[in-house]
1. Which of Y166, Y264 has the fewest other C-beta atoms within 10 Å, and how do the rest follow up to the most?
2. Past 23 Å, Cα to Cα, is the threshold; run K49/K258; K36/K223; K43/K209; K43/K182; K49/K209 against it and keep the listed order.
3. Per residue of the range 351-358, what does 6.51 cos²θ - 1.76 cosθ + 1.60 with θ = phi - 60° give for ³J(HN,Hα)? Whole Hz please, x for Gly and Pro, Karplus curve as stated.
4. Which shape class applies to the chain: rounded if a/c is under 1.5, otherwise prolate when a/b exceeds b/c and oblate if not, where a ≥ b ≥ c are the square roots of the Cα gyration tensor eigenvalues?
5. What share of the DSSP beta bridges in the range 14-248 is antiparallel, in percent to the nearest 5?
6. Taking 35 Å as R0, compute the FRET efficiency from the Cβ-Cβ separation of E365 and E44 and round it to 0.05.
7. What percent does the relative contact order of the range 114-246 come to when contacts are Cα pairs within less than 8 Å and at least six residues apart?
8. How large is ³J(HN,Hα), in whole Hz, for each residue of the range 324-339 in order, when computed from phi with the Karplus curve 6.51 cos²θ - 1.76 cosθ + 1.60 and θ = phi - 60°, using x for Gly and Pro?
Amino acid sequence: MHIPFNRPFVSGKELEFIQEAIGHWRISGDGVFTQKCHGLLEKELGLPKALLTTSCTHALEMTALLLRIEPGDEVILPSFTFVSTANAFVLRGARPVFVDIRPDTLNIDETQIERSLTSKTKAIVVVHYAGVGCEMDAILELSRKYNVPVVEDNAHGLFGSYRGRYLGTFGALASLSFHETKNFICGEGGALLINDRQYIERAEIIREKGTNRSRFFRGQVDKYTWVDVGSSYLPSDILAAFLCAQLEDRETIQANRKRVWESYDAQLKNWAAEHGIQVPFVPPHCAQPYHMYFLVLPSLETREALMAHLTSRGIYSVFHYLPLHLSAMGREFGGKEGDCPVTEDTSDRLLRLPFYTGMTEAEQEEVIAALREFRFS
């Protein structure tokens, strides 16, 4: 494929920062660049605490531990999401309760959450699909009404906002992803965002294998010991150095992605409307971070034919999430066809186009030309 679906972007200072990290003679977790990333995220997003993790999956696992999820608990989440959103809570013994998505933004349908709430519900997990904010006003109202905390899976949405407020700052806890397919990358990596201060100290302990090692390094205790459950969730400072270069160059990265997204939208919107194709919808009260561009085709058969057509032109496109409630594991929790009809329908028809920070105008024009060449049956 001469036009991949994704191509990792290097902003320019990654190798310099990695060399600097090595020069500090400390490349394990919570080194100089890890702290720089923490500070940058906390300052830019305006939140009490950010902690880098080895993945967004691990950040979500930490939220489950912090919320003390136990066997028999229930957690509400959309069926249209990555498996980690569910696994983080299933690992603690919880039962995932899947809710359908809105047909416009493909986010969790906030009007269907309340009917799924029970006395066993211990969290409402929302996913900001493509970095477009869920309807947080309505979701937070439910959170207050039933005293159930909200967790934001914000893997797609760093620097996206809802009603002028950054995504990831609404729920008690939130997660970020720095996987190589995201806007800001370090190969594999993530972050836990803490908006409710009551979780900060315990989060540090869980992240450090259940020890109070962070307090020891700050000189608050004279030795550290095992005080709680936990695991090893710290990324190497080498990864943090790579990420720091990306975050420092965030304005350039976002400007490039905005150009790619807006070019797709301007050149495909009318073509899509003519052929009954849905394109991304961004409500006026949301500001997106330009994470992806997708098409929702009229049918599964059309999507498969279009993917084959693009492949024949050397262009790699992909579908996205399969409904979790219809997966082998989802069915073990009672999922069945018809439970989430919008998810089931959309999953069959959605196609993600090549989208990456360094995508050239020539590459994008080639993708657009190939799309226009496609003959609908």
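A short reminder: the numbers here are calculations on the coordinates, not readings from a lab. Keep in mind that this is a model prediction, so the values were computed, not measured. Virtual Cβ from ideal backbone geometry, glycine too; neighbours counted across all protein chains shown.
1. Values: Y166 22, Y264 25.
Ordered from fewest to most neighbouring Cβ atoms within 10 Å, Y166, Y264 come out as Y166, Y264.
2. Details: K49/K258 28 Å; K36/K223 25 Å; K43/K209 27 Å; K43/K182 21 Å; K49/K209 19 Å.
In this structure, K49/K258; K36/K223; K43/K209 lie more than 23 Å apart at Cα.
3. The phi angles translate into 9, 8, 8, x, 7, 7, 4, x Hz.
4. Values: a/c = 2.06, a/b = 1.27, b/c = 1.62.
It is oblate, given that a/c is not under 1.5 and a/b is not larger than b/c.
5. Values: 15 of 30 bridges.
Expressed as a percentage, antiparallel bridges in the range 14-248 total about 50.
6. Values: r = 34 Å, r/R0 = 0.96.
Here the calculated transfer efficiency is 0.55.
7. Numbers: 225 pairs, mean separation 21.2, N = 133.
It comes to 16 percent, rounded to a whole number.
8. With the stated coefficients, the range 324-339 comes to 5, 5, 9, 6, 4, 6, x, 5, 5, 8, x, x, 8, 4, x, 5 Hz.
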